[in-house]
Structure formats: C-alpha cells, structure tokens
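Every read-out reported here was derived from the displayed coordinates using simple, explicitly stated rules and does not represent laboratory data. These numbers were taken from a predicted model, which means no experiment stands behind them. Every residue, glycine among them, receives a Cβ derived from its backbone with ideal geometry; neighbour counts consider all protein chains shown.
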Amino acid sequence: MTIQDQVTSHYVSPESSVIAKAILEAVLVPLITIDIRGQLLSFNVAAQNLFGYRSDEIVGHTIHKLIPEAYPAEHETFLAEYGKAESCGVVINEREVMGRRKDGTIFPVQLSVSAIKTEGEPLLIGVLFDLGKQKNIENELRIAAAAFETQEAIMVTDAGGNIVLVNKAFEKITGYSPEEVIGRNPRILSSGRHDSAFYAQMWQSIIDTGNWRGQIWDRAKSGKLYPKEVTITAVKGVDGKTIHYVAFFTDISLRKKSEEEINALAYYDTLTRLPNRRLLVDRLENALASSALSQQYGALLVIDLDKFKALNDTRGLEVGDTLLVEVARRLKFYAGKINTVARLGGDEFVILLETIAADEVSSIQFVEKFAEKIRSVLAAPYLLKQITQYSSSSIGVCLFKGKADSVNELIKRADMAMYQAKDSGRNCVCFFNPQLQQSVESRAVLEADMRIAITHQQFQLYYQIQVNQGQLPIGAEALIRWNHPKRGMVSPAQFIPIAEESMLIIEIGLWVLETACQQLAIWKDCTQARHLSLSVNVSAAQFKQDNFVEVVEAFIKKYRIEPSRLKLELTESIALDDLDIVIAKMMALRYVVGVKLSLDDFGTGFSCLSYLKRLPLDQLKIDQSFVRELKDKSSDAVLVKSIIDMALNFGLDVIAEGVETEIQAALLKTNGCNSYQGYLYGKPLPLEQFEALLSVSEPY
Ligand code: C2E
Ligand code: MG
Ligand code: MG
C-alpha cells in the first residue's frame, strides 16, 4: 500500500478513497499533498511532469527537494502557519513561489494551499500552476513589443495586403498615423516612380522565396519623395499559407545623399555639375556596346569655345566661370535629357548622341542640323556681370557605329574635327573624315614652311609652251613650282589651295607676277622669245585686292615691257563678287594698262553665257578635262565644238589646255580652235630647258 493509498484510506471510506485517488491522478493540474512537517504524501502525474520526478522517487521525501536552496527558510514559516489553520478544505494561502526540477532548473509556480483538518495532524494540499510557460510568452511579447518600436518602420498587412499594424517609426517616416493607414492598401505610400514591372518582379520574388529586399522611392504624407530600403517577408500559417506580410523599412535619404555626393565628386565637374571625362568614357563605352547590338549610328560632338582664354584674361576668371556655367546650361537644355553633355575640362564640352538612325546618310543629316543648332545657341549673346558678351564655338563631330573604334580614338577624332573647325575660321561645325588626320597635320606644316619659302628662294617658275594651228610657239604659261628642301618638288595643286586659305597667295602671286614681268623683259632681247606672250595665273583673292590694277601697271613700268605680252589667267570664281566692280577692274587692266585677259579652266565652274558676254576677255581657255575626253564623235567633242563656236562668236581667242595626242589636236583644229597647250608640245619646263625647246622649234 502506497503512502497515497494510506492517505486516502485514512480519511475516507474505501470507495471514496478509490475515487479520490483516481481524481488525484486524473486532474491535469499538478497536485501534491504534504504533512505539516513538509513530507510529501502524494505526487500526481501532472506534478511528476512538472518536476521531472517519478512519484516513487519523491513521495516520502520533504518538500525541500522541490524548492530552490534560497527559499526553504521562508517555506518553514508558512508550514508553521498552515499547522495552525482552523478552516478545512478551503484555500488558506495563494502565492507565487519558485520550484526546482529534478534537473535543477528553477521555474515560477503559482501555489494554492488548502488544509484538510482531521483528527490527527492536518494535511496540506498544494495545487500548482506552472507560471514558466506563461512568463515565457509574456516575456516574448514584451520583447516583441520593444522590438516593434525600433528606428526601423514596420508595417504588417494581412494576406489580402491590407495594413493591420504599423509602428511609431512608420508614422515618423511616412507621416501617416496608424488610424490613417490601418485597413488600407500600402499603395497609398507609392511615389509613382516605379512601373508595374518593378512591382511585378518584387511580388514574384516574395512568392518564390518568401521575401524581397530592395530600394523603393515612396511618397510621404507631406508629398515629399524619399528613398527607402525595404525588406518584405511573407509570414506563413501552420498550413503553409501566407497569413501576413511584414515590411521593414528605413529612410535612406541621408545615406543616398552622401552616396550621391561621393559620386558627384568622382564623376561630375564641380563647376558646371556636368559629367566629367571619366563618366563620359563610361557612358561612351555603354553607347558603343548598345550601338553594336542595335546597329544604330551615334555621334560624338566636341565643342570648344572660341577665344575663351582672351575672355578669361580680360574679364577675369569669375566671369569666365559664369560663361562656362551658362554654356553648360544651354547645352543641357538643347541636348535633351537622354543625351550626355560632359565637360572635358577648360572650355571643352562634349555631347554624346546615341541611337540616331540605322543609315549613315540620315544620321549625318540629323547630326549636321543638331550641331548647327548647338553652334547658333552658343553664339547667342551672354549677359555676364551686367555686360553683354559674345562668344562662339568650334564644333567637331565624329560618327560611330558598333564597337570597332576605341573610346579614346573617337574622342581624338572628334577633337581633330574640332581643330579643323577652328582652322576654318572658328564658329563652325566640321565632321571628321579619315583623310583629315593626315591633311590637318601636313597642312599646318606646309603653311609654316610656305611662309619662309619666298625669302629662301624656294619658288621657281616653269614655262609651258603654247602653239598656234601651225604648231609654232606663240606664248607660254608660267607655272609655279616649290622646291621644298625636304619634300622636293611640291605640286601647286597641293600648296596653292593652302596659300589661298591663309592669304599667303597674295605675296606668292606678287612674286610670280614680278618674276614673269622680269622674264618678259629679258625675252625682249631674245630672238626666239621676243614675240611670245606670257600667261600668268591670278588667284581670285589676288585679283580682289584693291590695288591689283596698280600693282600690275607698276611691274610693267618697272620692267618696261610691252603690256600686251602679259596675259592674266583669271578663273570663273572672280565673278562671285560684285560683277560691276570685277568688270571695271578688267576694263582698266585691258584698256588702260593694256594687258591681255584669259579665262582659265573654262567649263568647270558656273560659266553662263550672260556673264561671259559682259566680261572684257581676250581669250577663253578650254579646261583640260574636256580635252582629255576628246575622241571622235564623243559627246565632249560636241561640247568642245559649241564652246569654240561660242567663243569665236564673241570674238574671243580659244586655247585648249592639256592637249596630249594628235587626235585631240586634230579634232580641236577642225572645230576652229586657234591655240594649243599640252604635253604634245611640251611639258612645263624650267627656264633653261624651255629656252632650249624654243631654239629647236621652228621660228615664228
Ligand atoms: P592651270 O592654270 O590650269 O595649269 C595647267 C595645269 O595643267 C598645270 O599644272 C600643267 O602642268 C598641267 N598641264 C599642262 N598640259 C598638260 C597635259 O598635256 N596633260 C596634263 N595631264 N596636264 C597638263 P600645274 O603646273 O600642276 O598647275 C596646277 C594649277 O595650279 C594650275 O592650273 C593653276 O591653277 C595653279 N597654279 C600654277 N601656278 C600658279 C601661279 O603662279 N599662281 C596661281 N595663282 N596659281 C597657279
Ligand atoms: Mg592656268
Ligand atoms: Mg587650267
């Protein structure tokens, strides 16, 4: 018989004792009985589960085994009190105590003690309630509540996406109070900055992985947009279905701002806030890659302000800076948002145009218009410190398609085209072409060399014979040659255009004219040559000089030559100027000075009968391109015939240049041409050889 049996049998009838025993065991509440000395009499299943002792291990021992060491003394006092209890079966004490399990762990229990008074000593029944579990839940809730109120905003929605809970940080960041948002969709926070694809991708990630992390721009209640870093987690119920979504977020405006500041220092120009070279290179690399995919043309424009240094020097750096900022503003405005406008440094800017068109011609047409627009926009006046300032720009353009050329190569090309624009007199647009690179370099060198060529006596006149229908010499054309110390003989076709651009032609032309007059003077005493006329090429720029007539007259007088022996070869381009002035000059030359006038390269320009009729000419020189094509009955033969007919009708002499074959000579002759020049009769020759040629020709 167990002690428990003894207890129950001792106080009650045998039947009721069995019932009581069953009840003791069956109740889910831990229940123990002790005597007033604290000895355990019974220990039910729930108590065994709570303390970890089997009943037979503990019954008979004192209650001390179940109490942590710190508490027994207190317990003794209570036991003594219970002993004096008068009531029976009612709760005499209820308090929170600490219990100790078999494994030594300590836990809180709610203890209710009732005493059963019998004839002998009273029995004490303790009903225990494990507070540990409840405490844990309470603690967890307390921790959760504390965690909920962090710096990070928390928003909880139900499965349908309606907000059910938000914390204080949420209110602080969004400006919305819980009352304003609970029951509503988080959509009310959205800024409209992200498209539906963005949100679709976010939800896909939540469905697939249970969460999403990223940055979102939202709108606060005040209307202010702010960036936030968000983590959204799906909370699943026991059945695996999502019951809540929890979003944590922080406002990262400050962080973003400092990130942007760092970024700005590394990739942007501090004065104009435009991308710098480093960012341009990045963007250009991307542009090349996407052009390779799309097969669309793009373009790079290098823009350099004309005479910016002078402005800086005269009006100070501050005014210079103001101009740069204004230029940046205009460029950004006209280039549009999608194109990159960068500042390479100093007064050099770049515009990167992406995906213009798939074909070259329309791309060029577009860029031409665009560059011209930029040029005119930058040429508009600037108001700098109350003073109106004018500035212009030189623009170099280079197109690109695909990744064939490196970024640096493209910048170099656009740069080179920009220098070409500067060379062409500034305030203009130039496109890069492959020959440009070479020609820019050689032109600059040639021009510099040409400046010293006259004083170093590097120029020389060659003479090419002109004959009549009977092949007798009637004259010569003086053709300049440049005996360059390093390059050897440089063709006039190469250096005359450069000389014309740089106006060096004026000086060179004077030298030619004087040398020719000198030669005519010498030939006066030479039987073979005294009857010859000498043709001299005159550039339009030279002819245009106000004192040209006087200069010619002065040389004629100086060398005392017969004026009619000097023939000036003019080109059609002289007629581009005011025709009346041109005619007046020609009249003076022809009738006052007495020289002969020939129209060179006839047929290559815009010759039209109406003006030809008005020009006081002596001779028309058929361009060699017509002569070259002269074959029997060819269309050029018809053309040459009509030129000759027309010239003869006007009473002009006709000379054909570039005659190389007998056939050409015969055809010209049948059509009435009266003079001839070409390799068939002699190449342009240095003076001595030319004179030698004259001496073997039949005398005139
Ligand atoms: P241009 O005045 O039409 O001179 C005729 C050119 O044709 C010369 O070339 C001459 O050498 C070339 N030529 C003559 N006969 C033949 C031929 O039968 N076959 C071929 N294939 N060519 C022939 P060049 O000497 O090279 O002069 C080229 C141009 O340079 C001249 O064309 C003229 O416009 C300019 N030029 C030459 N000397 C002077 C000068 O002293 N002053 C100026 N302003 N221009 C000059
Ligand atoms: Mg000529
Ligand atoms: Mg010619």
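Starting with the fewest neighbours, write out Lys373, Lys641 ranked by other beta-carbon atoms found within 10 Å of each beta-carbon.
Working: Lys373 12, Lys641 16.
Sorted ascending by nearby Cβ count, the order is Lys373, Lys641.
Report the charge-dipole magnitude of region 331-489 in Debye, nearest 20, computed about the Cα centre from +1 at each Lys and Arg Cβ and -1 at each Asp and Glu Cβ. Numbers along the way, then the final one.
Details: 18 positive and 15 negative charges, 79 e Å.
For this selection, approximately 380 debye.
Kirkwood hydrodynamic radius, region 268-432, all distinct C-alpha pairs: what's the number in Å?
After inverting the pairwise mean of 1/r, the radius is 15.9 Å.
Give me Val327, Val302 ranked fewest to most by other Cβ atoms within 10 Å of their Cβ, as a rough exposure proxy.
The most exposed by this proxy come first: Val327, Val302.
Per residue, how big is the convex hull around the C-alpha atoms of region 534-632? Give it to me in cubic angstrom, could you? Walk me through the numbers on the way to the answer.
Values: hull volume 10.4 nm³, N = 99.
With only Cα atoms used, region 534-632 gives 105 Å³ per residue.
Can you give me the pair-distance distribution of the chain, C-alpha pairs, 20 Å bins, whole percents?
Percent of Cα pairs in each bin: 12, 22, 20, 12, 12, 8, 6, 6, 1.
For Lys84, give me every one of the lysines with a C-alpha distance below 28 angstrom, ignoring sequence neighbours fewer than eight places off in its own chain.
Correct list for Lys84: Lys21, Lys65, Lys117.
How large is log10 I(q)/I(0) at q = 0.07, 0.08, 0.11, 0.13 Å⁻¹ when the Debye formula is applied to the Cα atoms of region 453-696, each weighted equally and without solvent?
With one equal scatterer per Cα and no solvent, log10 I(q)/I(0) is -0.22, -0.29, -0.57, -0.81.
Over region 423-520, what number does the Rg to Rh ratio reach, with both radii from the alpha-carbon atoms and Rh per Kirkwood?
1.08
Applying 1/(1 + (r/R0)^6) with R0 = 51 Å to the Cβ-Cβ distance of Leu28 and Ser177, what FRET efficiency is obtained, to the nearest 0.05?
0.65
So for region 153-240, what are the equivalent ellipsoid semi-axes in whole Å, largest first, each being the square root of 5 times an eigenvalue of the Cα gyration tensor?
Value: 21, 17, 11 Å, ordered largest first.
Could you tell me whether region 255-333 comes out rounded, prolate or oblate from its Cα gyration tensor? Rule is a ≥ b ≥ c as square roots of the eigenvalues, rounded for a/c under 1.5, then prolate if a/b exceeds b/c, otherwise oblate. Please report the intermediate quantities before stating the final value.
On the way: a/c = 3.10, a/b = 1.41, b/c = 2.20.
Taking the square roots of the gyration eigenvalues as a ≥ b ≥ c, region 255-333 is oblate.
Please give me the summed charge of the neighbours of Arg219: other residues whose Cβ is under 13 Å from its Cβ, Lys and Arg +1, Asp and Glu -1.
Charge balance in the 13 Å sphere: +3.
Using a Förster distance of 45 Å, how high is the FRET efficiency between Ser491 and Asn649, based on the Cβ-Cβ distance and rounded to 0.05?
On the way: r = 36 Å, r/R0 = 0.80.
Step by step, r from the Cβ atoms, then E = 0.80.
In which sequence would Arg565, Arg451, Arg219 go, from the one with the fewest C-beta neighbours within 10 Å to the one with the most?
The most exposed by this proxy come first: Arg451, Arg219, Arg565.
Mean shadow of region 99-139, computed from the convex hull of its alpha carbons, in nm²?
Averaged projected hull area, Cα only: 3.7 nm².
Using only Cα atoms and rounding to the nearest 10 degrees, what angle (0 to 90) does helix 504-523 make with the longest principal axis of the chain?
20 degrees
Rounded, prolate or oblate: which fits region 60-197 when a ≥ b ≥ c are the square roots of the eigenvalues of the alpha-carbon gyration tensor, with rounded for a/c under 1.5 and prolate only if a/b beats b/c?
Verdict is prolate for region 60-197.
Tell me what the chain gives for mean residue ellipticity at 222 nm when only DSSP H runs of n ≥ 4 count, each as -39,500 (n - 2.57), the sum divided by the residue total, rounded to 500 deg cm²/dmol. Each step should come with its number before you reach the end.
Values: 26 runs with 306 residues, N = 700.
So the calculated ellipticity at 222 nm is -13500 deg cm²/dmol.
Label points 7 Å out from Cα along the Cβ direction at Phe148 and Gln545: separation in nm?
9.9 nm
With a/c under 1.5 counting as rounded, go ahead and sort region 201-320 into rounded, prolate or oblate using the C-alpha gyration tensor (a ≥ b ≥ c being the square roots of the eigenvalues; past the cut-off, prolate if a/b is larger than b/c, else oblate).
oblate
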